[in-house]
Amino acid sequence: MNPVTEVPTDQSTDRVGRSEDRKDAGEKITGKARFAGDINLPRMLHGKVLRSELPHARITSIDTSAAERMPGVVTVLVGSELEHFDPYWGHAIKDRPILAIDRVRFQGEPVAAVAAEDEATAEAALREIAVEYEELPTVGTLTEATADGALEIHQDQPRPGLFHGLGKLPERDGNVCYRYQLDAGSVEVAEAEAEDELIVEGEYEFPAVYQYAMETHTVVADFSGDEITMWASCQHPFLVRAEIADLFNLPLGKVRIIVPYLGGGFGSKSYTKMEPITAALSWKAGRPVRIQNRVDESMVTTRRHGMRCRMRTTASRDGKLRSRSVRLWLDTGAYADNGPRVCATAGDAAPGPYAWDAVHVDASCVYCNTAPAGSYRAFGTVHMQWIGESQVDELARRLDIDPLEMRRRNLLKPGQPVRPDGSGKPLDADLIGDVEKAAAAIDWGSPAEKWTGRGVAVGLLAAGAQPVSRANVRMEADGSAEVNVGTTEMGQGARTVMAQIAAQELAIDIDRLTVQGADTRFTPFDRSTGASRSTTLAGLAVQRAAADLREKLLRMATVAWGIDRDELSLSDGIVTGAGEQATYAELIAGHFGLVGGDVVGEGEVAPEKGEGSYAAGPVFWEICIAAAEVSVDPETGRVNLNRIATIADVGKAINPLLVERQDEGAVMQGLGNALFEEMVYDDGILVNDNLLDYRIPRIEDMPESMTGIIVENGDGPGPYGAKGCGEGAQAATPAAIVTALADAGVQMKQLPLTPERVWRQIQKQKEAE
Amino acid sequence: MSETTVQLSVNGTPREVVVPAEELLLDTLRERLGLTGAKRSCDVQVCGTCTVLVDSEPVSSCTFLTCDADGSEVLTIEGFSETPEFEEFRQSFIEQAALQCGFCTSGILLTLKSLRDAGELTSREDIIAGLDGNICRCTGYKSIVQAAEALIVVPGGSSRGTGTPVSNGDS
C-alpha cells in the first residue's frame with residue numbers, strides 16, 4: 001500500500017471541497033459526448049431481439065427460415081445453437097440462458113435475435129420468425145409463487161455466479177432462490193411482555209418500479225477471431241468482462257470492455273445485461289453488432305423488486321423501542337439478477353437504525369414469471385425504511401411522544417453496533433444531529449394546517465460493496481496527466497471528483513488532468529460503480545496513485561539536486577528546494593534526458609484482512625435521512641410534497657455542488673417511487689410498458705422547496721474523510737412522505753400513494769371512526 | 001418501400017437525402033448525417049430527449065417524418081452550440097451544474113432556445129410550463145430551473161437575464 005504522506009500545499013489552493021465545474025459539462029452541453037448508441041463501426045450490423053409474448057411456456061418449435069431469406073438480414077440466432085457451450089449467466093445465480101432454451105419464463109424473455117444491415121430490416125425480420133409455444137400456468141405474483149405446491153419456475157439447483165458474494169448459496173426451496181435471516185434476542189419474549197397498545201403490526205406492499213435511465217441498455221459488440229471488444233452502457237465493466245470471458249471461454253485479456261458516457265444508470269446498468277446476447281450475435285454474424293433496447297425492452301431487462309412485508313414493532317411505556325419482527329418476500333422475477341443481494345440488503349435494513357432488545361428478520365427472494373429484478377438506487381433500504389419508520393411513528397403517536405423526540409431516545413449513537421447480532425461495522429455517523437438538522441429545515445413543531453403533515457425518516461444503507469479498486473495516474477512529459485480509474489461516469493460527476501482528488505495530491509489545476517471511462521485493456525481493475533462506492537473506494541485508489549506519482553516526481557528532484565525529501569516544497573505544480581525550482585515537466589525531462597517519457601503512480605484499495613473487511617462490512621453505512629411536509633386533498637386523495645429537506649452525511653464533500661445535485665435527483669426519484677411509479681402486472685403481462693402509461697416525474701412535479709443539507713464530520717473511510725452519497729435521499733424520501741402523510745391523518749401501507757388509494761384509505765378511516 | 005428525396009437545411013447547410021417515406025427525422029439525423037446530439041429514448045413524444053428545432057419550432061424527431069421536413073430548416077445541438085447566442089446557455093448550465101448524465105441536455109437547451117425566441121421565457125412559470133415535455137431523470141430539475149432563470153428575457157425590455165436567479169433558488 002502506498003502511504004499518503006502529508007500534502008505540502010496550503011489550504012488556499014485546495015482542489016477538494018470546492019465546487020469545480022463538471023469536467024464533462026462542455027462535451028455534454030454541445031452534444032459531443034459519446035454514448036454507446038453513438039458508436040458506429042465499419043460493417044456494423046443492427047441487432048433486434050425477438051421476445052416472448054407469453055410469461056411462461058414451453059417452446060415447441062422455432063422457424064427462422066423466412067427471416068433468414070429476407071434481403072438485408074445477415075443472421076438469426078436461437079438458443080439451441082448455443083447449447084454446445086454453457087450458455088448460462090448471472091452474477092449471483094447462473095440461472096439465465098443467453099437466449100431461451102426449451103422454455104420462456106417471463107414476458108419479454110429473448111427467444112431469438114436478428115442481425116441485419118439496418119434496424120428497420122432487423123425489426124421486420126422479427127415478424128417473420130415463427131415460434132410455437134405450449135403455454136404453462138403463470139406464476140405471476142409472490143402469493144402464487146410461495147403457495148403450497150406452487151409450480152416451480154426453475155427445475156435445477158442454483159449454480160453460484162461469479163460474483164454472488166453471499167457465502168454459500170442455500171438450496172432452492174420451491175421458488176425461493178435465496179433467503180436471509182437474522183435473529184438477536186427473543187422477539188417472542190419482548191412481544192409477550194409488551195402492552196397490546198404498544199404492539200404495532202401491519203402488512204405492506206411496495207411495487208415493482210422501472211429505473212428509467214434515459215439511455216436504454218445499449219451494446220456494440222465486435223467478436224473478431226478469438227477476441228471480443230465491446231462498447232457497453234455498463235456500470236461494472238470488469239464484472240461484465242469476467243462474465244463474458246466465462247461464457248465464451250476466453251481469457252480475461254481477450255475480452256475488452258470500453259465504457260463511454262452512460263445516459264443514467266441508477267443500478268439498471270449494474271452487472272451484466274444485454275452484453276451476452278450482443279456478443280453471441282456478433283459471434284455468429286462475424287461482424288460488429290449494435291443492440292439498443294427500446295424503453296419497453298429495458299423495462300423487462302431489469303427493474304426494482306416488488307415486495308410484500310409483514311412487520312411488527314413493540315415499545316415500552318417509557319418510549320423505548322424493544323423489538324421488531326419482519327417477514328418479507330421480494331419478487332425477483334424469472335431470473336435472480338441481483339435479487340439475492342437486494343434480499344440481504346433489505347434484511348440488513350429491516351431493523352432500522354435503532355438499538356433493539358430483540359430482532360427477527362426473515363427475507364425471501366422469490367422467482368416469479370415476471371421480468372428479472374435487480375439493482376435500483378438504494379435497493380433494500382428503500383423497500384424497508386418507510387415501513388419501519390411508519391411503525392416507529394405509530395408507536396410515538398400512541399405514546400404521545402413527538403416523532404423527533406422518539407428518535408432522539410432510540411436512534412443508534414456513533415460506535416454502537418448496527419446489526420442487532422453485533423456483526424459488521426458499527427455506526428459511523430451522528431444520526432440524531434442529522435435528523436434534527438433536517439427537521440429544523442422544514443420548521444418542525446410549527447403549527448400545520450388541517451390535512452397537512454410533517455414527518456421525518458431515518459435509515460441506513462449498507463454501502464460500498466467489496467473494497468477492491470485500483471487506479472493509476474500517468475503524467476506526461478508536459479506535466480499533464482491522465483487518471484486511469486474504472487469508475488463509470490453515469491451523471492454522478494465521478495470524473496470531476498476523481499480529477500479533483502488527483503489534482504489535490506499533485507497540487508496542480510484540474511484542467512491539467514484527463515479522466516476517461518474504463519477500457520478494461522488499459523484501465524486498472526475496479527470492482528464496480530454502484531453502492532455509493534466510487535468516491536470512497538475508487539477515490540481512495542486515485543488518491544494513493546496520485547500521491548505515489550507525486551513522490552516519484554519528488555524523488556527525481558532529490559536525485560537531481562542531491563537533497564532530502566523533507567527539504568522540498570510543492571505549490572501549483574512547482575517543486576522548490578535548496579534554492580532550486582522546477583516544474584514537473586522539467587523534472588521528467590531531466591530524468592529521461594529527452595523531451596519524452598512519462599511517470600506512473602499506482603494506488604489500490606484491497607480488503608484489509610482474511611476474508612476481507614467486506615465480511616465485516618459494509619465499507620460504510622450510508623445515511624438515509626429526510627424530513628418532509630405534505631398536504632393531501634381529502635376530496636381527491638392527491639398528495640402534494642410541499643417541502644423536503646435531506647441530509648448528505650458525506651464526511652467530506654469533495655465537490656459540494658455535485659453532492660447537492662445528487663440529492664436533488666434522488667429526492668425526485670424517491671418522489672416518483674412514492675407517489676405514482678409502478679409497473680403494473682396482470683397475470684404475468686406488463687400492462688404499462690411505455691412512458692405514456694408509466695409516469696416519470698416531470699418538472700411540474702418538483703416540490704415547492706427542496707433543501708439539501710451537507711454534513712461534513714470527516715468520518716468516512718474515503719479520501720479526506722469522505723464517504724459516498726446519492727442513494728440515501730432516495731430511500732428517505734418515500735419514508736418521509738409516508739410518515740408526513742400519516743401525520744396529516746392518512747396511514748398508508750401500500751405504495752405508490754396514488755390518489756385513488758389515498759382517497760379509499762381516507763374513506764376507510766372515516767368509516768372506522 | 002418507396003423512397004423520397006428530401007431537401008433540408010441542417011444547421012444552415014443545405015442537405016439532400018433520399019429516404020424511405022416512413023423514415024423518422026431522428027434516424028436521418030443520427031444514422032445518415034452523423035448528428036448524434038439528439039438522442040432516442042421513449043419513442044412516444046414524452047421524454048423530449050430527441051428534440052430538435054424544425055423552422056424554429058421544437059419537435060420530437062422520434063415521431064417526425066423526415067419527408068415532412070422537406071424544405072425546412074432544422075437546427076440540432078451541433079448547430080446551436082456553434083452560435084454566439086449559445087454562450088449564455090453554456091455558462092448558465094455549467095455554473096449551475098444543470099446536467100448529470102447529459103442525455104436529455106440537448107433537448108432541454110433547444111427547447112429553452114425556442115421558448116426564448118418566441119418570447120415565452122419570461123418567468124419561472126414559463127420555464128416550468130415550457131419544459132413540461134422534457135424529462136430529466138438525474139437532476140430533479142431544480143438546477144435546470146436555476147440555469148434557465150439566467151436566460152429569462154424580461155418582457156418589454158431588451159435586458160436579458162444576468163445570471164442572477166429570479167427566485168431565491170430555494171425550490
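Read-outs: derived from the displayed coordinates by stated rules, not from any lab. Note that this is a predicted model, so its numbers are computed, not measured. Quick reminder, even Gly has a Cβ in these numbers, built from the backbone with ideal geometry, and neighbours come from all protein chains shown.
Cys residues of chain A that find no other Cys beta carbon under 4.7 Å: A:C177, A:C234, A:C309, A:C368, A:C624, A:C725.
Please list log₁₀ I(q)/I(0) at q = 0.10, 0.18, 0.19, 0.23 Å⁻¹ for segment A:281-387, using the Debye equation with identical point scatterers on the alpha-carbon positions. Listed by q, the Debye log ratios stand at -0.40, -0.86, -0.91, -1.13. Compactness check for chain B: Cα Rg over 2.2 N^0.38 Å is 1.06. Once C-alpha pairs closer than 8 Å and six or more residues apart are averaged by separation and normalised to the residue number of segment B:86-149, the relative contact order reads 49 percent. Segment A:701-763 and segment A:184-245 have Cα centres lying 19 Å from one another.
When all alpha-carbon pairs of segment B:86-149 are counted, what percent fall beyond 13 Å? Result: 58 percent of Cα pairs exceed 13 Å.
Largest mean-square fluctuation among B:K142, B:K39, B:K113, in a Gaussian network model of chain B whose springs join Cα atoms under 10 Å apart, belongs to B:K142. If a paramagnetic tag sat 7 Å from the Cα of A:R521 along the Cα-Cβ line, which residues of segment A:482-502 would have the backbone N under 13 Å from that point? What the label zone holds, given the 13 Å backbone N cut-off, is no residue at all.
Between A:E27 and A:Q157, full extension at 0.36 nm per residue minus the direct alpha carbon distance yields a gain of 42.0 nm. Peptide packing: for A:283-291, A:702-710, the average count of neighbouring Cβ atoms within 10 Å per residue gives the ranking A:283-291, A:702-710, highest mean first. Here segment A:89-129 and segment B:48-65 have alpha carbon centers that stand 32 Å from each other.
With a threshold of 29 Å on the Cα-Cα distance, the over-threshold entries among A:K450/A:K723; A:K425/B:K142; A:K269/A:K723; A:K48/B:K39 are A:K450/A:K723; A:K425/B:K142.
Per the Cα gyration tensor, segment A:110-191 maps to an equivalent ellipsoid with semi-axes of 42, 19, 13 Å, ordered largest to smallest.
Averaging the Cα positions of each part gives two centres, and for segment A:424-458 and segment A:136-155 these lie 42 Å apart. Counting Cβ atoms of other protein chains within 10 Å of each Cβ in A:661-670 and taking the mean gives 5. Considering only alpha-carbon pairs that sit under 8 angstrom and 6 or more positions apart, the relative contact order computed for segment A:515-590 is 18 percent.
The label point for B:D132 and the one for A:A66, both projected 7 Å from the Cα toward the Cβ, are 4.5 nm apart. With contacts taken as Cα pairs under 8 Å and at least 6 residues apart, chain A reaches a relative contact order of 16 percent. GNM remark for chain B: springs join alpha carbons under 10 Å apart, and the peak mean-square fluctuation among B:P14, B:P84, B:P155 falls on B:P84. With the convex hull constructed from alpha-carbon coordinates only, the protein assembly as shown shows a mean projected area of 40.7 nm² over all directions. Placing a label point 7 Å from the Cα of A:A560 along the Cα-to-Cβ direction, the residues of segment A:584-609 whose backbone N falls under 16 Å from that point are A:584-600.
Note on A:696-706: average number of Cβ atoms from other chains within 10 Å of each residue's Cβ is 6. Partner shielding of A:208-220 amounts to 3, given as the average count of beta-carbon atoms from other chains within 10 Å of each residue beta-carbon. Cross-link reach is defined here as a Cα-Cα straight distance under 16 Å, omitting same-chain residues fewer than 8 places apart; for A:K749 the aspartates and glutamates meeting it are A:E201, A:E203, A:E205, A:E389, A:D393, A:E394, A:E677, A:E678.
Here A:D683 and A:N249 are evaluated by their C-beta separation; at R0 = 45 Å the FRET efficiency comes out at 0.70.
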